[in-house]
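One structure is given here, and the rest of the page talks about it.
The values are calculated or read from the model by the stated rules, or taken from the named source; none is laboratory data. Remember, predicted model here, so these are calculated numbers, not experimental data. Reconstructed Cβ throughout: ideal geometry from the backbone, glycine too, with neighbour counts over all protein chains shown. Heads up: the accessible areas ignore ligands, DNA and RNA and are worked out on the full protein's heavy atoms, side chains in. Shrake-Rupley method; radii C 1.70, N 1.55, O 1.52, S 1.80 Å.
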Amino acid sequence: MARGPGVPVAAALGAVLILAAAASWHGAEGKACTNAFPGLTSHTERAAAQLRPAPASEPGHHGHGHEHGHEQHLTPTDESTWMSLMPRRALRREEAFDWLMLYRKLRGATAGATRGGAFLSEVSLHDVRLELGSLYWRAQQTNLEYLLLLDVDRLVWSFRKQVGLTAPGTPYGGWEGPDVQLRGHFVGHYLSATAKLWASTHNDTLKEKMSSVVDALYDCQKKVGTGYLSAFPSEFFDRVEAIKPVWAPYYTIHKIMQGLLDQYTVAGNTKALDMVVKMANYFSDRVMNVIQKYSIERHWESLNEETGGMNDVLYQLYTMTNDLKHLTLAHLFDKPCFLGLLAVQADSISGFHSNTHIPVVIGAQMRYEVTGDPLYKQIATFFMDTINSSHSYATGGTSAGEFWTYPKHLAETLSTENEESCTTYNMLKISRNLFRWTKEIAYADYYERALINGVLSIQRGTDPGVMIYMLPQAPGHSKAVSYHGWGTKYDSFWCCYGTGIESFSKLGDSIYFEEKGDTPALNIIQYIPSTFNWKAAGLTVAQQIKTLSSSDLYLQVSLSISATKTSQSAKLNFRIPSWTSADGAGATLNDKDLGSLSPGSFLSITRQWNSEDHLSLRFPIRLRTEAIKDDRPEYASLQAVLFGPFVLAGLSTGDWDAKAGDSSTISDWITVVPSVYNSQLVTFTQVSNGKTFVLSSANGSLTMQERPEVDGTDTAIHATFRAHPQDSTELHDMYGTTMKGASMLIEPFDLPGTVITNNLTLSAQKGSDSLFNIVPGLDGNPNSVSLELGNKPGCFLVTGVGYSAGMKIQVSCKSSLQSIGGILEQAASFVQTAPLRQYHPISFITKGLRRNFLLEPLYSLRDEFYTVYFSVGA
């Protein structure tokens, strides 16, 4: 990528970032700048080591291991504050001058400038409500149900134990276990999530719980007396400062500080702000001691570990306290060896641990907002461009096995360990900030893509507290069978559980953005059914989305505006997504056409709004393919299929060969699943030994399997069939009585276009030997049916006697009744029930080389096996 205007500014920054960038490059096999201890570099590896039985407990230090003497006092300027950190061994005047120059370079050329420009303003979650019953509302409610299940005493158990307070109950397990070094991190996420979810719902029980957690942590911090607050001993930071292995204590501290800060800024808990200030002052003293005792290089070396968003939360804190100590400390967590690479616009991020470094960039963004230094805007812009152009999947997600690999070489990274959920959570923050600064549609488009495909995908339907760590992208894999699989309510608490509960607590935070000016303006950038109380303009804006199906040609948005006080002039800006097309796009205001729309821009309307104003938007939505980001010719055929912003996954256990033929028209090889097909779906059941079994088609065999107890499984898919007449123009309702006596083709749900033959094989040829007569059950039960072979009257599909799971289906005929002991009637009778699976409203069929694929939105899948990328060939 060509170097832009960031290079001269980077040069002005001086040796701090530039030399750090050069020093950090050691090839993609490992960076000196990334997590410091090989073999314990990913959260997954560290958790595996931590959760093994530990030989001895850790020391229970409450203070830290250094003697600081008196407390540091603020001096009038940030440079004075910096000079107080000068290493004790630097006594000569020229050394003091060099120390000051180092800070000026570290701080940047624009120190003292006003804070960043006229950014779009976030709206309060208190003023946004998701529409009852919508997809996003259900995700929010599932998260609320989980947070209400969590017990306060169990959450804070390790905090209380650490300081010697009585700890009722038992601790949670997983990464919050009492012997796991990262313990306490989830509690910080919990504070952030509950603050935002309370703002979004005003659930009184949730407010009581989160306030109780803050009170418990307050007691713990007060007991220690130094400002230190954590679920682990401060001795962990002795290890950090001695460059000895320990699992990311600053990462956890960031979560706690951010959680408390959110409790203050979002939920209004003033006690929480005082607690954050005490924590910041404590760690300011610690960092000062390291620099004075050793060097600033020693401090930076200690940052070669995951520190979360320490710079981010400290810049936020500085905006509230104006305490220069907090600003200086924030600068000291701006990791120069990584930001330096971005400052010189080098795509050298391969080999870096992704979620260690994305939060550092978020902190750099906050630095830009606080100081106005344009370098940090350019750093964030370049980083986002780098991810989008070279390191992201069709879902918008990034990382493989928690790390970045070589740019534009993603084909070889497809596995079960793609797209760590934490990285998506943090990339959404980066894109959100960039949009607020620039109003560029591309950032809002990215947010939409990553939110739908990366965030909504990580919940297991409406099961509270069941989420995933990674989002597999390899052919024929499942969310359920990755390294971590689905987590559990009380014994996982991975990093991605923390970011997960936050993501589903703030689903309303990026739909609307306010714009300051003489005329109030509102930017509506996500089309999510919701209502916004726009107090600045005295208006209420409500948007509804027509339920989308694969047969729809348009995404249709309806907005109603009502005045809550005396009407005034206001401006509404509506995002026109880049994925739509100008041909067919339209908008009407009170049924009056507003003319043509241009994708990738805004529709802006300024007027005196009235209570009965109604706006309709119509965006053409189409299928399209998107190549994987891999510039090697041998991978040019790897394509993802999208419907507007929705990534479609094909149900498959490994096959990924799609057949486009010679056509360049996607509709020639991908077709819509008509909604009426749902009425043709059926599941056949039978009882044996007191258990209910289902007729199942998997791996080319017909067997009986135990009826699954949960939805969203491959067993449910394999036990669902589409029974339809040979003449596809006839559409029968299989739930009605017309089924009996009908002659039907039986098609496995996940193999569209393939039918079961009378020889119990699968075939794409639909001849007379593939027809089954659905007749009244031979057992005489009015609710049962039997499946008679169309080309062999009197012969039926049968099971056995007293069988268990895996029983193979056979064919038996009435003439052989004697040979099977007179049990043909029971073995050949099934109960026709409602299908275990239905087609998603957005469903398509794509032609394959060996078989066809059923495509559904990736976010909707649970345990099913799927393929995201297809090898598309002629």
Revision key, fill the gap. For residue 226, the lone unmet condition from (1) open to solvent by 50 Å² or more (accessible area, probe 1.4 Å); (2) without any contact (Cβ under 8 Å) to a residue 60 or more places away in the chain; (3) assigned to a loop (DSSP other than H, G, I, E, B) is (2)
Point to revise | Matching residues in the range 461-494 - criterion: being open to solvent by 40 Å² or more (accessible area, probe 1.4 Å), more than 16 Å from the chain's Cα centre (by Cα) and of a type in the set (Ser, Thr, Tyr) | key: 483, 488, 490
Check your understanding: Pick from the range 600-634 the residues that are of a type in the set (A, V, I, L, M) and assigned to a loop (DSSP other than H, G, I, E, B): which of them is farthest from residue 578 (Cα to Cα)?
Key -> 628
Check your understanding: With respect to the numbered conditions (1) crowded, with 24+ Cβ neighbours inside 10 Å; (2) closer than 21 Å to residue 250 by Cβ, which one is the sole condition not fulfilled by residue 370?
Key -> (1)
Check your understanding: Across the range 134-157, what is the total count of residues that are farther than 12 Å from residue 197 by Cβ and within 21 Å of the chain's Cα centre (by Cα)?
Key -> 5
Review point. Restricting the range 514-573 to residues that are in a strand (DSSP E or B), aliphatic (A, V, I, L, M) and in contact with a Gly (Cβ under 9 Å, 6 or more places away or on another chain), which is least open to solvent (accessible area, probe 1.4 Å)?
Key: 570
Exercise for review: Evaluate the following for residue 439: is it open to solvent by 20 Å² or more (accessible area, probe 1.4 Å), in contact with a strand residue (DSSP E or B) (Cβ under 9 Å, 6 or more places away or on another chain), in contact (Cβ under 8 Å) with a residue 40 or more places away in the chain and closer than 18 Å to residue 369 by Cα?
Suggested key: yes
Review point. Would it be correct to say that residue 581 is modelled with pLDDT under 95, part of a loop (DSSP other than H, G, I, E, B) and either hydroxyl-bearing (Ser, Thr, Tyr) or within 15 Å of residue 543 (Cα to Cα) (or both)?
Key: no
Point to revise | Odd one out for residue 345, checked against (1) outside any helix (DSSP H, G or I); (2) not assigned by the TED database to the domain that holds residue 442 | key: (2)
Review point. Condition test on residue 238, is it of a type in the set (Asp, Glu), assigned by the TED database to the domain that holds residue 182 and under 19 Å from residue 310 (Cα atoms)?
Key: yes
Revision key, fill the gap. Within the range 359-407, residues in contact with a Lys or Arg (Cβ under 8 Å, 6 or more places away or on another chain) and among the β-branched types (Val, Ile, Thr) come out as 360, 362, 370, 371, 395
Review point. So is residue 617 closer than 17 Å to residue 525 by Cα and either open to solvent by less than 10 Å² (accessible area, probe 1.4 Å) or of a type in the set (S, T, N, Q) (or both) or not?
Key: yes
Study note, to complete from the structure: If you go through 642, 681, 638, 648, the only one that is within 30 Å of residue 803 (Cα to Cα) and crowded, with 18+ Cβ neighbours inside 10 Å is 681
Review point. How many residues does the range 626-635 hold that are surrounded by fewer than 19 Cβ atoms within 10 Å (Cβ to Cβ) and either hydrophobic (A, V, I, L, M, F, W, C) or under 22 Å from residue 584 (Cα atoms) (or both)?
Key: 1
**Study point:** Cross-chain or 6+ apart pairs with Cβ under 6 Å, the range 570-599 first and closer than 24 Å to residue 612 by Cα, then open to solvent by 70 Å² or more (accessible area, probe 1.4 Å) and of a type outside the set (Gly, Ala, Ser)
**Key:** 571/606; 586/618
Review point. Out of 458, 430, which single residue is buried (at least 21 other Cβ atoms within 10 Å of the Cβ), in contact with a Phe, Trp or Tyr (Cβ under 9 Å, 6 or more places away or on another chain) and within 25 Å of residue 639 (Cα to Cα)?
Key: 458
Exercise for review: Output the residue which, of all residues in the range 651-678 that are among the hydrophobic types (A, V, I, L, M, F, W, C), open to solvent by 30 Å² or more (accessible area, probe 1.4 Å) and under 21 Å from residue 851 (Cβ atoms), is nearest to the chain's Cα centre (by Cα).
Suggested key: 656
Check your understanding: Is it the case that the range 779-793 has a residue that's in contact with a Lys or Arg (Cβ under 8 Å, 6 or more places away or on another chain), open to solvent by 50 Å² or more (accessible area, probe 1.4 Å) and not in a strand (DSSP E or B)?
Key -> no
Review point. Is it the case that some residue within the range 838-845 is open to solvent by 50 Å² or more (accessible area, probe 1.4 Å), touching a residue at least 24 places away in the same chain (Cβ under 8 Å) and within 30 Å of residue 554 (Cα to Cα)?
Key: yes
Review point. Would it be correct to say that residue 350 is surrounded by fewer than 24 Cβ atoms within 10 Å (Cβ to Cβ), in a loop (DSSP other than H, G, I, E, B), in contact with a strand residue (DSSP E or B) (Cβ under 9 Å, 6 or more places away or on another chain) and in contact (Cβ under 8 Å) with a residue 40 or more places away in the chain?
Key: yes
Exercise for review: State yes or no: is residue 853 in contact with a His (Cβ under 9 Å, 6 or more places away or on another chain), in contact (Cβ under 8 Å) with a residue 60 or more places away in the chain and of a type in the set (A, V, I, L, M, F, W, C)?
Suggested key: no
**Study point:** Residues located in the range 269-328, provided they are farther than 20 Å from residue 226 by Cα and either outside any helix (DSSP H, G or I) or small (Gly, Ala, Ser) (or both)
**Key:** 269, 294, 295, 302, 303, 304, 305, 306, 307, 308, 309, 322
Review point. Regarding residue 845, is this residue within 30 Å of residue 463 (Cα to Cα) and β-branched (Val, Ile, Thr)?
Key: yes
Check your understanding: Residue check: is residue 597 surrounded by 16 or more Cβ atoms within 10 Å (Cβ to Cβ), modelled with pLDDT of 95 or more and part of a loop (DSSP other than H, G, I, E, B)?
Key -> yes
Study note, to complete from the structure: Cβ pairs under 7 Å, 6+ apart or interchain, first in the range 247-264 and assigned to a loop (DSSP other than H, G, I, E, B), second open to solvent by 10 Å² or more (accessible area, probe 1.4 Å), ordered by first then second residue, are 247/46; 247/50; 247/181; 248/305
Exercise for review: Kindly indicate whether residue 730 is in contact with a helix residue (DSSP H, G or I) (Cβ under 9 Å, 6 or more places away or on another chain), open to solvent by 30 Å² or more (accessible area, probe 1.4 Å) and either farther than 26 Å from residue 804 by Cβ or modelled with pLDDT of 90 or more (or both).
Suggested key: no
